[in-house]
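Read the structure below first, then the notes.
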Amino acid sequence: MQILLFIAALGLAQEPPLQIPPPPAEAPLQAPAQTPAQAPAQAPAQAPAVAPTAPAPVPVAATAPTPSAAPLSYYSESFAFTWDRTIPLSINLDGLKVGSIFFNKRMIQPGVFNIFKGAEFGTRAQVEVTNTGQHPKVPGFAVAVIDKDGRLLGVASGGTKLGTVKPGETETFDLNFSQVKERLASGDKFLLAIELRD
């Protein structure tokens, strides 16, 4: 019997080992599927964990707005349009009196520099204001011109870029029409909007 066992052991020892080729580099490695007998024993089901709740928000007392966060004063109105004539206005926005506006093309008048006589330098609306208040003002303006059919003919805007309009001071502001401006003279109405900061 020992001889049989010895021969069987020799036969097994001479058999070449089983060779398994490695998986291709692109294929992801997969874990072998477990049979029910190999599956580890599962712990009894537990109740799901409850996340701690955040404390309720504490109401914040309302504070007065700071001067820089104060809302801007605002004015807007529609007026009859006239080309190349002063249009008197009587607007008073928190101490800024708007006295007039006119629409025209900037031209060099005869006698100033004869070589530039009649030359045009843009189309504008010019607004005249006086600060009748106690504090300096920083105004901004926007204007839109429309015709009798309600079609928009041009828009312009402008205002104080540096500095302020000081109390008692009168200033003029040129609001420039840039791209759409050729039909302005046929306007019927204009809308004027003003935003004002101290």
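Which number in (1) closer than 29 Å to Gly95 by Cα; (2) assigned to a strand (DSSP E or B); (3) at pLDDT 95 or above marks the one condition that Asn176 misses? If we test Asn176 against (1) closer than 29 Å to Gly95 by Cα; (2) assigned to a strand (DSSP E or B); (3) at pLDDT 95 or above, just (3) comes out false.
Of all residues in region 136-153, none satisfies the criterion of being at positive phi and part of a strand (DSSP E or B). The set of residues in region 162-173 being within 20 Å of Asp94 (Cβ to Cβ) and out of contact with any Gly (no Cβ under 9 Å at 6 or more places or on another chain) consists of Gly163, Thr164, Val165, Lys166, Gly168, Glu169, Glu171, Thr172.
The values are calculated or read from the model by the stated rules, or taken from the named source; none is laboratory data. Please read all numbers here as calculations on a predicted model, not as lab measurements. Here the Cβ is made from the backbone with ideal geometry for all residues, glycine too, and neighbour counts use every protein chain on show.
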